[in-house]
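Structure first, commentary second.
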Amino acid sequence: MKVKLGLLLFLSFFTTLQAQQNLYHLLIGTYTNRCEKKGVFNYKLEVNSGNSLLHGFTVNIENPSYLALSSDNKHLYVVNESGVNSTVTAFNYDGLAGRMVVLNKQATKGADPCYLITDDKNVITANYSGGSITVFFKNADGSLTEAKQVVQLSGSGPNVERQEASHLHMVAFSGDHKYVLAVDLGADKIYVYNYNADASKDLLTYNSSVSVKPGGGPRHLTFDKEGKYVYVLNELDGGLLTYSFTKGVMTLIADTSVMPRDYTGDFRAAAIALSPDGKFLYATNRGEANTISIFKVLKNGKLEFRETVSTLGKGPRSFVIDPTGNLLLVANQSSNEVVIFKRDKETGSLTDSEKRISVCEPVHLLFEKRL
């Protein structure tokens, strides 16, 4: 009897431990103009089943569309899109307890920040309407100083509705952390800046730039694991560009599209990401398309188109693959729902898990790092 009881206790402990290992914290950034003004949501997500449970949320945080976590998961940083009055907010973050407590806010000094990145020293925002990049220092408690550097860009493109001026849509660290790349949709350019994290001023200094096809409208990019290749997604023409990256210089090696050749409807490409193992690349398309395209990554860094599937909603603004690679979650902004797909790690294909997270205007999905 004692042996059986011991075995049951062991199995119970093992099952609980296994469940905890498969449980991740998912953060969702949203727009709040038309929604209940909460802002950032914390969900527990079980990555085998796709089951989720609301675990916490902020209150009265305006338009926290994009998010970034510190490397130790103790601080959360979000942009607050509010025209010329836009800010970035720093939080104390406790994922286990589901708590996000505001530390402070600072003006971005650039309108409508739509992306941000962070490391142990700084926070950097891409200001869409302002056409600029803003750098903030971090204080010891995780709060932010006033803006320490603002890089103002200028330029335009042939699309008069979307490219009348520079529109910074993303910033990203290079794999070796020596550079920051900035994507300018308005000027059809990707800028590469030298990055000196410890500088007292001018942390970003110009290194180089590349131009995409006129009217392409570059939006987002991602690096491969080794930092050798950069994949750039154009919002306006659907271009998917592969560049080699060496010592801060980008060189184009391949040019394809996220849309099938026979597609003639309206689309607006949005987000791009690689699978955790680096074998597959995914990109979302909005407009009338509302799809996600899947590519196999070849050994030379080039891409091989596999298929395009429906995101089962409208306005797939962003998506995220869980750290295990089991699930791919799409934030369908216009249909107010996160759709959870099961992902085949061998083929990259997606199937509907029939699991959903209902949230008003989801924009950015971010998994807490497993330390």
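Results, tabulated for the structure shown:
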item	result
Mean projected area (nm²) of the alpha-carbon convex hull when the range 139-182 is viewed from all directions	5.0 nm²
Gained length - residue 120 relative to residue 226, 0.36 nm times residue gap less alpha-carbon distance	36.1 nm
Cα-based convex hull volume of the range 199-313 per residue, rounded to whole Å³	139 Å³
Extent along principal axes [Cα atoms of the range 103-224; Å; largest to smallest]	45, 29, 23
Lone cysteines, the chain (no partner Cβ under 4.7 Å)	114
Per-bin percent of Cα-Cα distances, the range 249-371 [10 Å]	13, 44, 34, 8, 0
Solution diffusion estimate, µm²/s, Stokes-Einstein, the range 220-276, Kirkwood Rh from C-alpha pairs, 10 °C, viscosity 1.306 mPa s	130 µm²/s
Size of the range 151-208 as Cα extents on the principal axes (Å, biggest first)	39, 23, 16
Normalised alpha carbon radius of gyration of the chain [divisor 2.2 N^0.38 Å]	0.99
Spatially near lysine pairs across the range 140-298, Cα under 23 Å, sequence gap of 8 or more or different chains	19
Contour minus Cα-Cα distance for residue 369 and residue 277 (0.36 nm per residue)	31.5 nm
Globularity ratio of the range 44-155, using Cα Rg and 2.2 N^0.38 Å	1.12
Inverse of mean 1/r across different Cα pairs in the range 43-101, Kirkwood, Å	12.7 Å
The range 306-349 - convex hull of the alpha-carbon atoms, volume per residue in Å³	65 Å³
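Each value in this text was obtained by applying a stated rule to the coordinates, not by laboratory testing. In this text, all values refer to a predicted model and were calculated from it rather than measured experimentally. In this analysis, Cβ positions are derived from the backbone assuming ideal geometry, glycine residues included, and neighbour counts consider all displayed protein chains.
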